[in-house]
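The values are calculated or read from the model by the stated rules, or taken from the named source; none is laboratory data. No experiment lies behind these values; they were computed from the predicted model shown. Cβ placement follows ideal geometry from the backbone for every residue including glycine, while neighbour counts extend to all protein chains displayed. Side chains are part of the model used for accessible areas, which takes the heavy atoms of the whole protein and leaves out ligands, DNA and RNA. Shrake-Rupley method; radii C 1.70, N 1.55, O 1.52, S 1.80 Å.
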Amino acid sequence: MKGWFALLLAMMGASSFGEKRSGDYWYTLDEAGNAIITDWEGDDIDLTIPSDLDGHRVTAIGDYAFQRNDYPASLKSVVVPEGVTTIGKEAFAHQNSLRLVSLPESLRAIGESAFYDCYFLPSIELHNCLTIGANAFDRCEALNLIIPASVTSLGGGNFNDCKSVSIAADNPIYEQTSDGLILTKEESATLVYVPSGKASTIPDRVTTIGSYAFDGCSNETIALSENVTTLAPLAFACTFNLSLSIPASVGSIGEGAFGWSWQGHVTLDEGNPVYEQTEEGAILTRGEHATLLYVPTLEGSFAIPKTVTEIGDYAFLSAPDLKPLALPEGLTRIGDSAFSNNTALTTLSLPTSLKTIGKNAFSNCSNLTSIDIPDGVTTIGEWAFSVSKFEFIKLPKGLTRIEAWTFVSSALREAEIPVGVTFVGAYAFGCPSMTTITIPESVETFERNAFKFCDELETIIFSGKPPPADFPEAWRGKTWRIPSTEQADWEVAKAKYADWGVTFETYTPPITLTFGDAVPTEAQDWLRKLLVEAGIEVGTVTMEAEGAENLAFLRKFGVAPKWKQKGAEVTLLLSDAEAFAALKAADAKGLLIGPGQIKEMAFTQPMIAVEEGGVTLEIGLQTAETLGEWQALTPSMDAPETTQEGRLRFHFTVPETSDAAFYRFVVPEGTHKGTP
């Protein structure tokens, strides 16, 4: 793991759903009943991890389990017990006082960044380990690292900061050249590591540049040979001032291939059939649905090509002072760390076409004070808005999960979790300034520490019934506001949390309506005004698509919809789709005229029947006071009849040959004026 957000993890312990506690340890159980350690809250200097917890054999050290909790870290030695087969991502990251680590012979896998930043660790014996993740030993500056013959999968970024690195001569997969390069032994080799200053010695048989292969290289000119066909993700990450030439033979460039590359210059062969380069030096895929892969270190602003539908991982990471002029409509994905560390972004409106926001996408955008996320977004990754400066955010209604660390260390003060969200991850709202959070009844899981660091949190507003999830400890002693319409459902929850020192308040929720895309803004504003005039408190105003079309049509004729209110429930008296279709058909034939002609309207289910090739439609109109002013552009009209219900029935007849229909307008007796 690279960059600023590694430091944030130093403050945090891990968290996982379904955890159990045993002394200083938190753990979960796998399907076989074995323990996976997820967190450690001890302060030992010399630690021997137990081989079992509560009778469960320890077989794995989970992600982030022993990452440091203070600075400098206190832990100087650790013994991992026999039986452990896996050490997870960042499990011992930032344990920067470690001098001794004893690993078991049972160990088979070491995860990404597992010992990141353990810079005093001098040696470590890997025994029979098979897999070493990327950056597992990054920033271990005192380490003399020996890769044994057992290792068959070796991630990049493990070697640049080590004091020395060597590959066992009998390793069947990897070899090391006399210049220190590490690559696979196959004929079409993958380059794993290039020491700084040794790029000119890359063997011709290398066809793939692996992830972090050039980690730490600086001030070099590199012209890749025509034999190279693939650049792995993050191939040139963590480099400085490289002059790189990419040949036409490269047909695959992984996202983030140039991430964390500073002040460099990348030149793409114009004859490359898969990728193209803009005048500014940006690289993207060719075609109508392009992925933007790389934007060089630029200042000012940058116009994203209109063909771009995806912004790849780390695309803007090398340009932290660059502000995109606009994100194009048609954009569907913003990749991991795409705008991370960008200081030029202050406000941002995301296009309505957007569906996915990746991990760390806007992390550490320290000047970002406002962002508009469209409702079409269904995925927001971990850390996406961490360390941002906006105080309020409207989350999209299509969201079902709020991932871990999404808003950690941001300036967020208030947030409303949308209805439909079922999962809230660890540290998701770790916001020191947060005072108010609104919770829907859909949440099934709050991971431990979901509201860690929310020292200013005062009020939790529940928008409906109690959610089924166990409530976070951070809500103890706070004010819980519950809707007046759900009092009965809250009695059980009140009893369950009776000893939490909670202050309960009730409120009548604001009205929430739903607009579809068919309703223009002015029609939405019109309905808001009507609601306010009626004394109804309005929250988010929305309406479903069918109702949206109906509302726009009503506004066209100045019709004020009726509503009934009971608690937080409001029913708009709008027609079903078929009745509105009939009314619109009448309008299309010229049977209705302009705004202000109808004061109030409600519709019955239309009766539709074929009559001699025509159609009879019956629509009920209530208090249509200006009916007499209607103009019926039809050849004839029968005299009105009085129905048994005391209504007048007008029958407009249109000849079959006129390509029109029969319309019956049923009007309450005595409400019309004039003679139609």
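One table, with the values for the structure above:
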item: Selection status of residue 293, closer than 18 Å to residue 322 by Cβ and either part of a loop (DSSP other than H, G, I, E, B) or open to solvent by less than 50 Å² (accessible area, probe 1.4 Å) (or both); result: yes
item: Members of segment 304-318 found to be open to solvent by 10 Å² or more (accessible area, probe 1.4 Å) and β-branched (Val, Ile, Thr), listed by number; result: 304, 307, 309
item: Lone qualifier among 187, 175 - being assigned to a loop (DSSP other than H, G, I, E, B) and acidic (Asp, Glu); result: 187
item: Residue within segment 298-313 that is touching a residue at least 12 places away in the same chain (Cβ under 8 Å) and under 30 Å from residue 176 (Cβ atoms) present; result: yes
item: Lone unmet requirement of (1) under 37 Å from the mean Cα position of the chain (by Cα); (2) at pLDDT 95 or above for residue 175; result: (1)
item: Residue match in segment 407-420 (condition: in contact with a helix residue (DSSP H, G or I) (Cβ under 7 Å, 6 or more places away or on another chain) and either part of a loop (DSSP other than H, G, I, E, B) or under 13 Å from residue 377 (Cβ atoms) (or both)); result: yes
item: Boolean, residue 447 is among the charged types (D, E, K, R) and open to solvent by less than 40 Å² (accessible area, probe 1.4 Å); result: yes
item: Residue count, segment 319-363 (criterion: open to solvent by 40 Å² or more (accessible area, probe 1.4 Å) and assigned to a loop (DSSP other than H, G, I, E, B)); result: 11
item: Residue match in segment 43-65 (condition: assigned to a loop (DSSP other than H, G, I, E, B) and modelled with pLDDT under 90); result: yes
item: Complete set of residues in segment 389-403 that are open to solvent by less than 10 Å² (accessible area, probe 1.4 Å) and either farther than 20 Å from residue 351 by Cα or not in a loop (DSSP other than H, G, I, E, B) (or both); result: 402
item: Filtered residues of segment 193-210 (kept if modelled with pLDDT of 95 or more and either closer than 17 Å to residue 256 by Cβ or open to solvent by 40 Å² or more (accessible area, probe 1.4 Å) (or both)); result: 205, 208, 209, 210
item: All positions within segment 236-269 that are of a type in the set (Gly, Ala, Ser) and closer than 20 Å to residue 187 by Cβ; result: 249, 251, 252
